[in-house]
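Report on one structure; see the data block that follows.
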Amino acid sequence: MVNHHVTGGDLQLATLKFDTNRQTIIGAFHVVVEFHRVVLDEAHQIKGRNTKTAKACYAIDAVRRWVLTGTPIQNKLEDLFSLVHFLRSEPWSNFSFWRTFITIPFESKDKDKAMKVITSVLEPLVLRRTKTTKDEHGRPIIMLPERAIDIEYLEFSDPENDIYQALFKDGKTKFNHYCRAGTVLRHYASIFQLLMRYGYRQKSMPLCHLSLAHV
């Protein structure tokens, strides 16, 4: 399913959870449309360049293309290629070119060279905004309230504690494996998933907060 909103020639894919192809997208609008601007929100969901989702997005015709994501790289550098390919930034949107000058040098441990190339590729493309970014008048672009931290210690029942300990031991074993192998940064997405598993337990037991410092 494609969730879409069209205003003045703009198409925003508010969610990318669809399994379709170019013909399905064209059918949704009944005509072949060249949009002035297409914005992909949560664009890291097209990180798999060979998925139907990614191919459907690539096929959309537009004069201007934007991607919004807080995690452009989740597992490997080729996640970033998919976004560059959607943006049609030549010659980097050509996979053979990307692989020759970025993927292969990075995998062959010439990481400094690969990172310099990536920096040169992204510099003209990326607009990064943080909570400290200021507007043309020197004011923060967003005013956030003061952060308040409240720590609550929970008492688990015996069944809840059994679940927690099982998840904790499993996560600790995998994290220690990454530490010994020196691959923590390469598996940060997997580590994040391990931590999220504790949060999912809130449906059946109180939410357990765990930081990497504990493992």
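The values are calculated or read from the model by the stated rules, or taken from the named source; none is laboratory data. Source: prediction; values computed, not measured. As a convention, Cβ positions derive from the backbone with ideal geometry for all residues, glycine included, and neighbour counts pool all protein chains shown.
For the stretch 179-195, the set of residues classified as within 30 Å of LYS131 (Cβ to Cβ) and surrounded by 11 or more Cβ atoms within 10 Å (Cβ to Cβ) consists of VAL184, ARG186, HIS187, TYR188, ALA189, SER190, ILE191, PHE192, GLN193, LEU194, LEU195, listed by residue number. Sub-8 Å Cβ pairs linking a first residue in the stretch 174-194 that is without any contact (Cβ under 8 Å) to a residue 12 or more places away in the chain to a second residue that is hydrophobic (A, V, I, L, M, F, W, C), at least 6 apart or interchain, are VAL184/PHE175; VAL184/ILE191, ordered by first then second residue.
Under the condition of being buried (at least 17 other Cβ atoms within 10 Å of the Cβ), touching a His at 6+ places or on another chain (Cβ under 8 Å) and assigned to a strand (DSSP E or B), the residues counted in the stretch 48-79 number 1. Per the listing GLU160, GLU152, the residue uniquely over 30 Å from VAL39 (Cβ atoms), in a loop (DSSP other than H, G, I, E, B) and either of a type outside the set (A, V, I, L, M, F, W, C) or assigned by TED's automatic domain parsing to the domain that holds THR100 (or both) is GLU152. When you check ALA166 against the structure, is it outside any helix (DSSP H, G or I), loosely packed, with under 12 Cβ neighbours inside 10 Å, without any contact (Cβ under 8 Å) to a residue 60 or more places away in the chain and not basic (Lys, Arg), yes or no? Here the answer is no, as ALA166 does not meet what is asked. Taking interchain pairs and intrachain pairs at least six residues apart, which have beta carbon atoms under 7 angstrom, with the first residue in the stretch 86-105 and among the aliphatic types (A, V, I, L, M) and the second not in a loop (DSSP other than H, G, I, E, B)? So the pair list comes out as LEU87/ARG65; LEU87/VAL67; ILE102/ALA114; ILE102/VAL117; ILE102/ILE118. Restricting the stretch 146-160 to residues that are hydrophobic (A, V, I, L, M, F, W, C) and under 30 Å from THR132 (Cα atoms), the residue that is farthest from the chain's Cα centre (by Cα) is ILE151.
Looking across GLY138, GLY171, one residue alone is at pLDDT 80 or above and assigned to a loop (DSSP other than H, G, I, E, B). It is GLY138.
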